[in-house]
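**Student:** Take a look at this one; I'll ask things after.
The values are calculated or read from the model by the stated rules, or taken from the named source; none is laboratory data. For clarity, every value in this text was computed on a predicted model and none was experimentally measured. Every residue, glycine as well, gets a Cβ built from its backbone with ideal geometry; the counts of neighbours run over all protein chains shown. Quick note on the areas: whole protein, heavy atoms, side chains included, nothing else; ligands and nucleic acids left out. Shrake-Rupley method; radii C 1.70, N 1.55, O 1.52, S 1.80 Å.
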Amino acid sequence: MAARIRFPPSRVAVLLIAVAAAATISPAKPATGAAVAPVSAPPAVPPAALLPAESIPGRPAARDVFDVATALSTSDSKDDEGCTDVVHGRLLRPGAVTGQGFQTAVPGGQLSELVARTPHPPDLTAWAGQARRCARVTVDDQGLPTVSTTTVETAPAVPGAQTLSYRQVLTLPGQPAGLPGLRLRTVAIAAGGVLVLLRDAGATDLDLDTLAVAAWQHAAPRLGR
(Lines give C-alpha, C1' and ligand atoms only; values in the text may rest on other atoms or scores of the structure.)
Protein backbone atom coordinates (compact mmCIF):
# COMPACT_ATOMS: atom_id res chain seq x y z
CA MET A 1 0.00 0.00 0.00
CA ALA A 2 2.89 2.37 0.62
CA ALA A 3 3.90 2.19 -3.03
CA ARG A 4 0.37 3.07 -4.14
CA ILE A 5 0.03 5.99 -1.74
CA ARG A 6 3.51 7.35 -2.61
CA PHE A 7 3.94 9.64 0.36
CA PRO A 8 7.41 11.04 1.07
CA PRO A 9 9.54 8.25 2.63
CA SER A 10 9.99 10.12 5.91
CA ARG A 11 6.22 9.98 6.53
CA VAL A 12 5.30 6.57 5.12
CA ALA A 13 5.98 4.58 8.29
CA VAL A 14 3.98 6.99 10.44
CA LEU A 15 1.09 7.04 7.99
CA LEU A 16 0.88 3.27 7.90
CA ILE A 17 0.37 3.25 11.67
CA ALA A 18 -2.60 5.56 11.17
CA VAL A 19 -3.85 3.49 8.24
CA ALA A 20 -3.70 0.32 10.34
CA ALA A 21 -5.99 1.94 12.91
CA ALA A 22 -8.43 3.05 10.23
CA ALA A 23 -8.39 -0.19 8.28
CA THR A 24 -8.92 -2.33 11.37
CA ILE A 25 -12.52 -2.86 12.41
CA SER A 26 -12.46 -1.08 15.74
CA PRO A 27 -15.41 -0.24 18.00
CA ALA A 28 -16.57 3.04 19.48
CA LYS A 29 -16.63 4.64 22.90
CA PRO A 30 -19.96 5.40 24.65
CA ALA A 31 -21.13 9.00 24.83
CA THR A 32 -19.20 11.10 27.36
CA GLY A 33 -20.80 11.02 30.80
CA ALA A 34 -23.14 8.13 29.99
CA ALA A 35 -23.20 5.43 32.66
CA VAL A 36 -22.77 1.92 31.30
CA ALA A 37 -24.16 -0.74 33.62
CA PRO A 38 -22.33 -4.06 33.73
CA VAL A 39 -23.94 -6.53 31.35
CA SER A 40 -23.23 -10.22 31.04
CA ALA A 41 -21.39 -11.13 27.87
CA PRO A 42 -23.65 -12.50 25.14
CA PRO A 43 -23.11 -16.04 23.84
CA ALA A 44 -19.83 -16.58 22.04
CA VAL A 45 -19.60 -16.20 18.29
CA PRO A 46 -18.29 -19.44 16.75
CA PRO A 47 -15.48 -19.17 14.19
CA ALA A 48 -17.80 -20.91 11.74
CA ALA A 49 -19.86 -17.70 11.59
CA LEU A 50 -17.11 -16.02 9.56
CA LEU A 51 -17.12 -16.21 5.79
CA PRO A 52 -15.40 -19.36 4.52
CA ALA A 53 -12.14 -18.54 2.76
CA GLU A 54 -13.37 -20.06 -0.50
CA SER A 55 -16.25 -17.57 -0.67
CA ILE A 56 -13.83 -14.61 -1.00
CA PRO A 57 -12.85 -13.97 -4.63
CA GLY A 58 -9.24 -13.78 -5.65
CA ARG A 59 -7.53 -16.42 -3.51
CA PRO A 60 -7.02 -14.46 -0.28
CA ALA A 61 -3.88 -14.98 1.79
CA ALA A 62 -3.81 -16.55 5.24
CA ARG A 63 -6.13 -14.88 7.75
CA ASP A 64 -4.84 -12.65 10.49
CA VAL A 65 -7.38 -13.08 13.29
CA PHE A 66 -7.88 -10.05 15.54
CA ASP A 67 -9.11 -9.97 19.11
CA VAL A 68 -12.36 -8.12 19.75
CA ALA A 69 -11.45 -7.31 23.37
CA THR A 70 -8.23 -5.63 22.21
CA ALA A 71 -10.10 -3.64 19.58
CA LEU A 72 -12.57 -2.47 22.23
CA SER A 73 -9.73 -0.92 24.22
CA THR A 74 -8.94 1.52 21.39
CA SER A 75 -9.25 5.13 22.56
CA ASP A 76 -8.42 8.64 21.37
CA SER A 77 -7.18 11.74 23.15
CA LYS A 78 -10.24 13.73 22.10
CA ASP A 79 -13.72 13.09 20.77
CA ASP A 80 -13.81 15.53 17.80
CA GLU A 81 -17.62 15.53 18.18
CA GLY A 82 -17.75 11.94 17.00
CA CYS A 83 -15.73 12.44 13.83
CA THR A 84 -12.75 10.43 15.10
CA ASP A 85 -15.11 7.47 15.56
CA VAL A 86 -16.35 7.96 12.00
CA VAL A 87 -12.82 8.15 10.59
CA HIS A 88 -11.85 4.95 12.43
CA GLY A 89 -15.11 3.20 11.57
CA ARG A 90 -15.99 2.40 15.18
CA LEU A 91 -19.51 0.99 15.21
CA LEU A 92 -19.52 -0.92 18.50
CA ARG A 93 -19.69 0.37 22.05
CA PRO A 94 -17.34 -1.09 24.66
CA GLY A 95 -18.91 -3.45 27.17
CA ALA A 96 -20.47 -6.84 26.69
CA VAL A 97 -19.45 -7.89 23.20
CA THR A 98 -18.36 -11.23 21.78
CA GLY A 99 -17.08 -11.67 18.29
CA GLN A 100 -14.79 -13.13 15.69
CA GLY A 101 -12.83 -11.16 13.13
CA PHE A 102 -10.09 -11.49 10.55
CA GLN A 103 -8.06 -9.52 8.04
CA THR A 104 -6.62 -11.03 4.89
CA ALA A 105 -4.72 -9.75 1.89
CA VAL A 106 -6.60 -9.93 -1.40
CA PRO A 107 -5.57 -8.75 -4.87
CA GLY A 108 -5.23 -4.98 -4.72
CA GLY A 109 -5.53 -4.57 -0.96
CA GLN A 110 -6.99 -6.07 2.20
CA LEU A 111 -10.36 -7.42 3.36
CA SER A 112 -11.60 -7.48 6.96
CA GLU A 113 -14.68 -9.07 8.49
CA LEU A 114 -16.21 -8.82 11.95
CA VAL A 115 -19.12 -10.86 13.29
CA ALA A 116 -20.24 -9.70 16.74
CA ARG A 117 -22.98 -10.13 19.31
CA THR A 118 -23.82 -7.28 21.67
CA PRO A 119 -26.77 -6.14 23.82
CA HIS A 120 -25.99 -2.62 22.54
CA PRO A 121 -26.25 -2.94 18.74
CA PRO A 122 -25.27 0.14 16.74
CA ASP A 123 -27.93 2.35 15.21
CA LEU A 124 -26.66 2.29 11.64
CA THR A 125 -29.13 4.96 10.48
CA ALA A 126 -27.87 7.41 13.13
CA TRP A 127 -24.28 6.45 12.36
CA ALA A 128 -24.81 7.21 8.66
CA GLY A 129 -26.10 10.65 9.63
CA GLN A 130 -22.98 11.28 11.69
CA ALA A 131 -20.80 10.13 8.79
CA ARG A 132 -22.52 12.70 6.56
CA ARG A 133 -21.80 15.43 9.12
CA CYS A 134 -18.15 14.35 9.15
CA ALA A 135 -17.91 14.18 5.35
CA ARG A 136 -14.53 15.93 5.26
CA VAL A 137 -12.52 16.32 8.45
CA THR A 138 -8.92 16.35 9.64
CA VAL A 139 -8.23 14.32 12.77
CA ASP A 140 -5.09 13.74 14.78
CA ASP A 141 -4.19 10.06 14.48
CA GLN A 142 -1.26 9.12 16.76
CA GLY A 143 0.31 12.53 16.17
CA LEU A 144 -0.28 12.56 12.42
CA PRO A 145 -2.97 14.85 10.94
CA THR A 146 -5.06 12.76 8.56
CA VAL A 147 -7.69 14.10 6.16
CA SER A 148 -10.73 11.85 5.80
CA THR A 149 -13.30 12.26 3.03
CA THR A 150 -16.39 10.10 3.65
CA THR A 151 -19.25 9.37 1.26
CA VAL A 152 -22.34 7.52 2.51
CA GLU A 153 -23.80 5.30 -0.20
CA THR A 154 -26.98 3.33 -0.73
CA ALA A 155 -26.62 0.15 1.31
CA PRO A 156 -27.89 -3.27 0.24
CA ALA A 157 -31.43 -4.06 1.41
CA VAL A 158 -31.66 -6.90 3.95
CA PRO A 159 -35.16 -7.74 5.29
CA GLY A 160 -35.49 -7.06 9.02
CA ALA A 161 -32.04 -5.47 9.37
CA GLN A 162 -30.37 -2.06 9.30
CA THR A 163 -27.64 -1.63 6.72
CA LEU A 164 -24.85 0.88 6.16
CA SER A 165 -22.45 1.49 3.28
CA TYR A 166 -19.82 4.20 2.97
CA ARG A 167 -16.50 4.98 1.30
CA GLN A 168 -13.51 6.83 2.69
CA VAL A 169 -10.34 8.30 1.26
CA LEU A 170 -7.49 9.06 3.70
CA THR A 171 -4.80 11.55 2.73
CA LEU A 172 -2.21 13.80 4.35
CA PRO A 173 -2.74 17.57 4.52
CA GLY A 174 -1.08 19.23 1.55
CA GLN A 175 -0.81 16.00 -0.41
CA PRO A 176 -0.55 16.76 -4.18
CA ALA A 177 -3.92 16.41 -5.89
CA GLY A 178 -2.55 13.92 -8.41
CA LEU A 179 -1.50 11.40 -5.77
CA PRO A 180 -4.18 8.98 -4.57
CA GLY A 181 -4.92 8.44 -0.90
CA LEU A 182 -5.84 5.19 0.81
CA ARG A 183 -9.31 4.02 -0.23
CA LEU A 184 -11.54 2.24 2.28
CA ARG A 185 -15.05 0.87 1.89
CA THR A 186 -17.32 -0.43 4.65
CA VAL A 187 -20.63 -2.33 4.54
CA ALA A 188 -22.39 -3.27 7.80
CA ILE A 189 -25.59 -5.19 8.56
CA ALA A 190 -27.18 -5.30 12.04
CA ALA A 191 -30.28 -6.86 13.58
CA GLY A 192 -31.25 -8.32 16.95
CA GLY A 193 -27.93 -7.73 18.68
CA VAL A 194 -25.88 -9.19 15.81
CA LEU A 195 -23.50 -7.12 13.66
CA VAL A 196 -21.73 -8.27 10.50
CA LEU A 197 -19.25 -5.82 9.02
CA LEU A 198 -16.97 -6.06 5.99
CA ARG A 199 -14.30 -3.51 5.07
CA ASP A 200 -11.84 -3.42 2.20
CA ALA A 201 -8.76 -1.24 1.92
CA GLY A 202 -7.03 -0.36 -1.31
CA ALA A 203 -8.17 -1.11 -4.87
CA THR A 204 -9.64 -4.58 -4.34
CA ASP A 205 -12.48 -4.32 -6.90
CA LEU A 206 -14.55 -6.59 -4.63
CA ASP A 207 -18.35 -6.42 -4.84
CA LEU A 208 -18.54 -5.61 -1.13
CA ASP A 209 -22.36 -5.24 -1.08
CA THR A 210 -22.87 -8.77 -2.41
CA LEU A 211 -20.13 -10.15 -0.18
CA ALA A 212 -21.62 -8.48 2.93
CA VAL A 213 -25.08 -9.89 2.23
CA ALA A 214 -23.52 -13.33 1.74
CA ALA A 215 -21.65 -12.88 5.04
CA TRP A 216 -24.91 -12.01 6.81
CA GLN A 217 -26.75 -14.96 5.26
CA HIS A 218 -23.89 -17.21 6.36
CA ALA A 219 -23.58 -15.85 9.91
CA ALA A 220 -27.24 -15.23 10.83
CA PRO A 221 -28.44 -18.86 11.07
CA ARG A 222 -25.31 -19.77 13.06
CA LEU A 223 -26.21 -17.06 15.57
CA GLY A 224 -29.90 -17.92 15.84
CA ARG A 225 -31.13 -15.18 13.53
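**Student:** Give me the net charge for the shell around E153: Cβ to Cβ below 10 angstrom, other residues only, Lys and Arg +1, Asp and Glu -1. Mind dumping the intermediate values first?
**Tutor:** Values: positive: R167, R185; negative: D209.
After counting each charged neighbour, the total is +1.
**Student:** Next question. On average, how much area does the Cα convex hull of segment 93-138 cover when viewed from any direction, in nm²? Don't skip to the end; give the middle numbers.
**Tutor:** Working: hull surface 20.2 nm².
The Cα convex hull of segment 93-138, projected and averaged over all directions, gives 5.1 nm².
**Student:** Apply the a/c threshold of 1.5 to the C-alpha gyration tensor of segment 75-165 and tell me whether it is rounded, prolate or oblate. Walk me through the intermediate numbers first.
**Tutor:** Values: a/c = 1.32, a/b = 1.26, b/c = 1.05.
Rounded, because the longest to shortest axis ratio a/c is under 1.5.
**Student:** Here is a further query. Counting only the heavy atoms of the protein chains, how much of W127 is accessible to a 1.4 Å probe, in Å² to the nearest 10?
**Tutor:** The accessible area comes out at roughly 30 Å².
**Student:** Let me ask something additional. Just order 198-210, 109-121, 91-103, 173-185 by mean Cβ neighbour count inside 10 Å, highest at the front, would you?
**Tutor:** Ranked from most to least packed, the peptides come out as 109-121, 91-103, 198-210, 173-185.
**Student:** If a/c stays under 1.5 just call it rounded; otherwise compare a/b with b/c (prolate if a/b is bigger, oblate if not). Do that for segment 111-225, with a ≥ b ≥ c from the square roots of the Cα gyration tensor eigenvalues. Present the calculation step by step, with values, prior to reporting the outcome.
**Tutor:** Working: a/c = 2.34, a/b = 1.87, b/c = 1.26.
Prolate shape, in that a/c is at least 1.5 and a/b is the bigger ratio.
**Student:** Apply the Karplus parameterisation 6.51 cos²θ - 1.76 cosθ + 1.60, with θ equal to phi minus 60°, to every residue of segment 155-163 and state each ³J(HN,Hα) to the nearest whole Hz, in sequence, with x for glycine and proline.
**Tutor:** Once θ is set to phi - 60°, the couplings for segment 155-163 become 8, x, 7, 10, x, x, 9, 8, 9 Hz.
**Student:** Name the shape class, rounded, prolate or oblate, that the alpha-carbon gyration tensor gives for segment 145-196, where a ≥ b ≥ c are the square roots of its eigenvalues, rounded holds for a/c under 1.5, and otherwise prolate holds if a/b is larger than b/c and oblate otherwise. Don't jump to the answer; show the numbers that get you there.
**Tutor:** Values: a/c = 4.59, a/b = 3.00, b/c = 1.53.
Verdict is prolate for segment 145-196.
**Student:** If you don't mind, another one. Which net charge results for the neighbourhood of V45, defined as the other residues with beta-carbon distances under 9 angstrom from its beta-carbon, given Lys and Arg at +1 and Asp and Glu at -1?
**Tutor:** Numbers: positive: R117, R222; negative: none.
Its environment carries a net charge of +2.
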